[in-house]
Amino acid sequence: MAKIPWWLWVAVGGGMFLISANVGERLDFFLYVGMFFIVVGVFKMLVAFILGKKGRKAEAAAEEIKTHQFSCPRCRSLIAESYYFCPYCGTRLR
């Protein structure tokens, strides 16, 4: 099942809200459904914004870890540059 993006929730809700508000009392149900769609869309937007920031921070941290690693000259395992000995094969690094 495909995920519905937040902007589509807000757009559909806004359209339903505006149309039902202009028609009158006969479509009060759709007025409330439109408001519900808008609330869901705004909630999804906030969640996407918050999770997006965390994802970018995690990517930056992973990139920083990659830059502070090198491979052991003997076993070719990736290790931090602060190690004095390789934790996998025991080769002295400094």
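Derivation of every value follows stated rules applied to the coordinates shown; laboratory data play no part. Bear in mind that the values here come from a model prediction, so they are computed numbers and not experimental data. With ideal geometry, Cβ positions are generated from the backbone for all residues, glycine too; neighbour counts draw on all protein chains shown.
Neighbour counts of C-beta atoms inside 10 Å place SER20, SER77, SER82 in the sequence SER82, SER77, SER20, starting with the fewest.
Result for the chain in a Gaussian network model with C-alpha springs under 10 Å: among PHE30, PHE70, PHE49, the largest mean-square fluctuation is at PHE70.
Rg then Dmax, both in Å and based on the Cα atoms of the chain: 26.5, 81. When the chain is treated as a Gaussian network with alpha carbon springs shorter than 10 Å, the biggest mean-square fluctuation among ILE38, ILE50, ILE79 belongs to ILE79.
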